[in-house]
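Quick notes on the structure that follows.
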Amino acid sequence: MNSLAPHKTGILFLVTLWFCWGFSYPATKIMLRELDIWTSRTLIMGAAGALLLILGFLGKKDLKIPKEYHRDLIIAALLNMTVFQICMTFGVHYFSAGRTVVIVYTMPLWAMLFAWYILKEPLSLKRLIALSLGMAGLAALLSQNFSHLTAPGLGAACTVVGAISFGLGTVWMKRRIWITDPTVIAGWQLLIGTVPLIPFWLIFGNETAWREITLLTLGNFIFLILIANVLAYFLWFRILQIFPASVSGMGTLAVPIVGVIASSILLGETIGINELLALGLIIPALIINLKTT
């Protein structure tokens, strides 16, 4: 009975995470209509990191990270936060929100391969089948004409780099057993990941007239702080403790489905045969993957 509880909790966390991160892509697209990339991402990450540490403090968690964990914490923060978040934001800016989320979630492919190489996690037949189905679904979404977009090549390239970084960061967190509370780890990673962005923000960020920002933009900005970062990373770092790295990565494959649907609803992006085909491939991949835990 007790051994099943973490598994069921992990699945509940995963489902919630699908919506937190899925809706974050159209929210980012809407926000970028009035806020620039460097200003928005630096403030979002910094605010979310501070809020997570405040939650940890209020929950009477130890905010100190043992010295022997510092190196891994910094590396994971650079991969999971700095590189991933800024690349993802550039992807949304230069690419469509729905398709950006699809490219981001090639992440499980990289996570599975990094886990095999770094953590020696076995590539079982079921996981390979799930991976193949998931990647086929993502390929179906990508096999479209994007010539109508401003800079699809740049957006796609930035997003692929972000996906690889996210995959490696996911595995890097699994290299050791963390004794620190996941909320505290997430908070420190966001704050550490924000630091390298500050010089770019000061140089390239635009002066923001906050009094002229519309409520729609402000609402999406707050959503990205509280839901897509604070709540999402609260869940994500607990998921990493429950499932193996490769399974954690594969479990996020539903995020692009939510992201595509959310982008269609909020941004009017088209859902065609490619999106429906992807849905028919990715859902079985998720079911097979979760059964390997």
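The values are calculated or read from the model by the stated rules, or taken from the named source; none is laboratory data. Just so it is clear, the structure is predicted and the values come from calculations on it, not from any experiment. Methodologically, a virtual Cβ is constructed for each residue, glycine included, from the backbone with ideal geometry; neighbour enumeration extends over all protein chains shown.
Among the numbered criteria (1) within 21 Å of the chain's Cα centre (by Cα); (2) of a type in the set (S, T, Y); (3) modelled with pLDDT of 85 or more, which single criterion is violated by T106? The failed condition is (3).
Please work out if I74 is buried (at least 22 other Cβ atoms within 10 Å of the Cβ), aliphatic (A, V, I, L, M) and touching a helix residue (DSSP H, G or I) at 6+ places or on another chain (Cβ under 7 Å). Against the criterion (buried (at least 22 other Cβ atoms within 10 Å of the Cβ), aliphatic (A, V, I, L, M) and touching a helix residue (DSSP H, G or I) at 6+ places or on another chain (Cβ under 7 Å)), I74 does not qualify. In summary, helices (runs of 4 or more DSSP H) completely within the stretch 196-276 and bearing 2 or more residues that are modelled with pLDDT of 90 or more occur at 197-204, 215-225, 232-242, 255-267. When K64, K60, K29 are checked against the criterion of being among the basic types (K, R) and within 29 Å of A136 (Cα to Cα), a single residue qualifies: K29.
Quick check, is K64 more than 19 Å from M173 (Cα to Cα), modelled with pLDDT under 95 and either out of contact with any helix residue (DSSP H, G or I) (no Cβ under 8 Å at 6 or more places or on another chain) or surrounded by fewer than 22 Cβ atoms within 10 Å (Cβ to Cβ) (or both)? Judged against the criteria, K64 is not a match. Restricting I103, I118 to those that are among the β-branched types (V, I, T), over 21 Å from A157 (Cβ atoms) and out of contact with any strand residue (DSSP E or B) (no Cβ under 7 Å at 6 or more places or on another chain) reduces the list to I118. Report yes if A111 is over 21 Å from D181 (Cβ atoms), crowded, with 16+ Cβ neighbours inside 10 Å and at pLDDT 95 or above, otherwise no. No: the conditions fail for A111. Residues that are within 15 Å of the chain's Cα centre (by Cα), assigned to a helix (DSSP H, G or I), surrounded by fewer than 16 Cβ atoms within 10 Å (Cβ to Cβ) and aliphatic (A, V, I, L, M) do occur in the stretch 9-28. Comparison of L281, L277, L253 shows that the only residue that is surrounded by 19 or more Cβ atoms within 10 Å (Cβ to Cβ), in contact (Cβ under 8 Å) with a residue 12 or more places away in the chain, more than 19 Å from the chain's Cα centre (by Cα) and farther than 18 Å from T89 by Cα is L281. For the structure I just gave you, tell me whether A262 is surrounded by 21 or more Cβ atoms within 10 Å (Cβ to Cβ) and in contact with a Ser or Thr (Cβ under 8 Å, 6 or more places away or on another chain). Criteria not met by A262.
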